[in-house]
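Report on the following structure.
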Amino acid sequence: MARAVVGGSLECSPATPDGPADFAEVRGHQPLRLLSHNIQVGIATHRYRDYVLGGWKHLLPSADRRHSLDAIGSLLSHFDIIGLQEADAGSIRSRQVNQAAYLAERAELGHWAVRVNRDLGQFGKHALGLISRIEPVAVAQQPLPGTMPGRGALLADFRWNGEPLRVIDTHLALSRRARRMQFQQLEELCDVSGYVVVMADFNCEPDDPGLRQWLVETGLKLPRLSPPTFPRWRPQRAIDHIAVSQSLDIRGTEARPVGGSDHIPIAMSIALPNPGRHDPRN
């Protein structure tokens with residue numbers, strides 16, 4: 001992704017010599033394919049007791065992690081923009097592998113960026129990741145407030161059929177109080193011209209009052225039906241979402257089962273507004 005001077009915790013792939021492209025150059029007028037996934041640093045969780053029995057995998061490397069990442073990478077190859085939560089930017093547990101960069105390579109997508117939210121040195125680099133088929137115009141990061149430090153947002157600005165498109169990747173807190181502060185900060189990040197997409201582990205379901213109010217304030221929307229994404233082995237809660245500008249046409253939303261985490265990734269296809277349709281929600 002394009003380089004941006006925004007602080008030492010942001011890593012980016014090298015900019016291409018020709019500079020940023022427009023998605024229309026690659027996708028034409030086809031819908032954009034989005035995916036958001038909390039990858040739990042590539043730890044495959046099959047039942048609740050794995051959180052205890054497999055807790056050591058959050059600190060030490062495991063033999064099955066590369067297999068999990070390869071399965072995720074195969075899925076990502078079908079999408080244009082991917083937001084990752086709970087990635088590792090290179091530590092003992094990931095065998096020093098920057099997981100966003102690794103997944104971008106496996107998916108044969110040329111652009112990625114990482115924001116390290118919590119840097120525990122060699123014991124873990126908790127990170128957000130953005131992966132894209134084309135180079136963005138700009139990349140930036142923003143810390144988010146909360147009752148505990150370590151939350152943030154990763155932003156990338158693109159061009160889509162000549163229109164500006166801002167994509168935000170984030171991971172919100174568990175507590176309502178902390179999320180309320182984070183929603184306020186995100187509202188400012190969404191206040192831009194053009195279209196906006198927010199991909200995140202929101203840690204709350206669609207009927208959460210804070211989420212509903214934030215959607216009203218930002219002019220964003222969720223699909224009519226939000227598929228459950230957690231826990232992966234028996235999905236019951238819809239806590240991973242992709243929110244998009246009201247005027248965008250949501251062509252489809254689904255949870256894509258894949259191993260290697262405790263969450264199911266959520267996929268969405270979006271298109272530019274169709275003047276002939278009054279309500280573009282799916």
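The values are calculated or read from the model by the stated rules, or taken from the named source; none is laboratory data. These numbers come from a predicted model, not from an experiment. Heads up, the Cβs are rebuilt from the backbone with ideal geometry, glycines too, and the neighbour counts pull from every protein chain shown.
Give H67, H29, H111, H78 a once-over and let me know the one that is at negative phi and touching an Asp or Glu at 6+ places or on another chain (Cβ under 6 Å).
H111
Please give the number of the condition R166 fails out of (1) assigned to a strand (DSSP E or B); (2) without any contact (Cβ under 8 Å) to a residue 60 or more places away in the chain; (3) surrounded by fewer than 19 Cβ atoms within 10 Å (Cβ to Cβ).
Evaluating R166 over (1) assigned to a strand (DSSP E or B); (2) without any contact (Cβ under 8 Å) to a residue 60 or more places away in the chain; (3) surrounded by fewer than 19 Cβ atoms within 10 Å (Cβ to Cβ) leaves (3) as the failure.
Report the residue count in the stretch 119-149 for those that are small (G, A, S), surrounded by 15 or more Cβ atoms within 10 Å (Cβ to Cβ), free of Cβ contacts under 8 Å to residues at least 60 places away in the same chain and not in a strand (DSSP E or B).
If we filter the stretch 119-149 for residues that are small (G, A, S), which is where we start, we get 121, 124, 127, 129, 132, 138, 140, 146.
Now narrow it down to the ones that are surrounded by 15 or more Cβ atoms within 10 Å (Cβ to Cβ): 124, 127, 129, 132, 138, 140, 146.
When the remaining residues are screened for being free of Cβ contacts under 8 Å to residues at least 60 places away in the same chain, the result is 127, 129, 146.
Cutting the leftovers down to not in a strand (DSSP E or B) gives us 146.
The number of residues fulfilling the criteria is 1.
Pick from the stretch 132-170 the residues that are in contact with a strand residue (DSSP E or B) (Cβ under 8 Å, 6 or more places away or on another chain) and among the small types (G, A, S): which of them is nearest to M199 (Cα to Cα)?
The extreme case among them is A153.
A quick yes/no check of all residues on (1) modelled with pLDDT of 90 or more; (2) within 16 Å of I81 (Cβ to Cβ); (3) out of contact with any Lys or Arg (no Cβ under 7 Å at 6 or more places or on another chain); (4) surrounded by fewer than 19 Cβ atoms within 10 Å (Cβ to Cβ):
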{"position": "V244", "(1), (2), (3), (4)": "yes, yes, no, no"}
{"position": "L248", "(1), (2), (3), (4)": "yes, yes, yes, no"}
{"position": "A255", "(1), (2), (3), (4)": "yes, no, yes, no"}
{"position": "S269", "(1), (2), (3), (4)": "yes, yes, no, yes"}
{"position": "P275", "(1), (2), (3), (4)": "no, no, yes, yes"}
{"position": "N282", "(1), (2), (3), (4)": "no, no, no, yes"}
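May I ask you to say which residue of L186, L222, L172 is without any contact (Cβ under 8 Å) to a residue 60 or more places away in the chain and either in contact with an Asp or Glu (Cβ under 9 Å, 6 or more places away or on another chain) or surrounded by fewer than 20 Cβ atoms within 10 Å (Cβ to Cβ) (or both)? Full working, then the answer.
On the way: L186 fails: either in contact with an Asp or Glu (Cβ under 9 Å, 6 or more places away or on another chain) or surrounded by fewer than 20 Cβ atoms within 10 Å (Cβ to Cβ) (or both); L222 fails: either in contact with an Asp or Glu (Cβ under 9 Å, 6 or more places away or on another chain) or surrounded by fewer than 20 Cβ atoms within 10 Å (Cβ to Cβ) (or both).
Selected residue: L172, the only one of L186, L222, L172 that is without any contact (Cβ under 8 Å) to a residue 60 or more places away in the chain and either in contact with an Asp or Glu (Cβ under 9 Å, 6 or more places away or on another chain) or surrounded by fewer than 20 Cβ atoms within 10 Å (Cβ to Cβ) (or both).
Within the stretch 92-108, count every residue that is surrounded by fewer than 24 Cβ atoms within 10 Å (Cβ to Cβ) and either more than 22 Å from I168 (Cα to Cα) or over 15 Å from the mean Cα position of the chain (by Cα) (or both).
Within the stretch 92-108, the first condition is being surrounded by fewer than 24 Cβ atoms within 10 Å (Cβ to Cβ), and the residues that meet it are 92, 94-98, 101-102, 105-108.
If we keep only those that are either more than 22 Å from I168 (Cα to Cα) or over 15 Å from the mean Cα position of the chain (by Cα) (or both) as well, we get 92, 94-98, 102, 105-108.
Total satisfying the criteria: 11.
Within the stretch 225-234, how many residues are part of a loop (DSSP other than H, G, I, E, B) and surrounded by 16 or more Cβ atoms within 10 Å (Cβ to Cβ)?
Let us first name the residues in the stretch 225-234 that are part of a loop (DSSP other than H, G, I, E, B), namely 225-229, 231-234.
From what is left, the residues that are surrounded by 16 or more Cβ atoms within 10 Å (Cβ to Cβ) are 226-229, 231-232.
Total satisfying the criteria: 6.
In a loop (DSSP other than H, G, I, E, B) and more than 17 Å from S36 (Cα to Cα): does that describe V192? Reasoning before the result, please.
Numbers: in a loop (DSSP other than H, G, I, E, B): yes; more than 17 Å from S36 (Cα to Cα): yes.
When the stated conditions are applied, V192 passes them.
Considering only residues of the stretch 31-78 that are of a type in the set (S, T, N, Q) and within 22 Å of A255 (Cβ to Cβ), which is modelled with the lowest pLDDT? Full working, then the answer.
Applying the first criterion (of a type in the set (S, T, N, Q)) to the stretch 31-78 yields 36, 38, 40, 45, 62, 68, 74, 77.
Filter again for within 22 Å of A255 (Cβ to Cβ), leaving 36, 38, 40, 45, 68, 74, 77.
On the way: S36: 97, N38: 95, Q40: 89, T45: 79, S68: 86, S74: 90, S77: 93.
Among them, the one singled out is T45.
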